[in-house]
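J.: I'd like to ask some things about the structure below.
The values are calculated or read from the model by the stated rules, or taken from the named source; none is laboratory data. Everything quoted here is computed from the prediction, not taken from an experiment. These area figures cover heavy atoms from the full protein model, side chains too; ligands, DNA and RNA do not enter into them. Shrake-Rupley method; radii C 1.70, N 1.55, O 1.52, S 1.80 Å.
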Amino acid sequence: MQEKVKKDEKVAFFLLTSVKFSLKLLLSGNLWGKVVGSGMDMLTGEYRNTLDEKGRILFPSKLRTVLAGNVLIVTQALDRCLWLFTPEEWRVVSSKLMDSASPFSEKNRLVLRRFIAPAQELEFDRSGRISIPQSLREYASLSKECILLGVNKYIELWDAESYKAYLEQSENSFRDAAEELGGIIF
């Protein structure tokens, strides 16, 4: 009995930590400040670019100039988009997740399989494009028109129509979340 209670406590702790981490990641880029160890500016802005027939997308030059190298890590994200991280930030995020996850927990394995396992390293080509793997394009339903969102420490890649639908569907939730942040003083 005591063993089951400890297991339940660990699962509850992981879920609570995961929810806190996700909320911080989604709502509070300011918590992380500048890109780890690089002194770089934040990754910000909304950009509309097209995905070519080979699955390549031209990365905005403003975002490329902020990055220290020519490599990004791409993985599945929440809300059916993709998250792109610098290698340094990926090490921080994935380490925190791996350190708090147990392979003996079904929910932990699910998160690891959906977030860590599909991650792939991408390099920019000479033209400043990255090639999105087919499996990740399918996951995010990427078509020709795409949106790149700089969210301080990472970048989201969305299908343009999916992003438009997401914004419409989440308007009330956004207002509620913004109200909860009402205590923040600028």
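J.: Using modelled backbone amide H atoms (1.01 Å from N, in-plane), which distant-in-sequence or interchain residues come within less than 5 Å of L51's amide H?
T.: The list, which skips near neighbours in sequence, is E145, C146.
J.: Can you give me the long-range amide H partners of T44? Hydrogens built in the peptide plane at 1.01 Å from N, cutoff under 5 Å, separation of 5 or more residues or another chain.
T.: N152
J.: Roughly to the nearest percent, how much of the accessible area of region 123-186 is carbon and sulfur, given a 1.4 Å probe?
T.: Carbon and sulfur: 49 percent of the exposed surface of region 123-186.
J.: Roughly how many Å is it from the Cα centre of region 43-94 to that of region 119-186, as a whole number?
T.: The two parts, judged by their Cα centres, are 9 Å apart.
J.: Would you mind checking the pairs K54/K107; K54/K96; K62/K164 and listing those with alpha carbons more than 25 angstrom apart?
T.: K54/K107; K54/K96
J.: Another question, if that's okay. For region 100-149, with every protein chain kept in place, what is the accessible area per residue (1.4 Å probe, Å²)?
T.: Per residue, region 100-149 has an accessible area of 59 Å².
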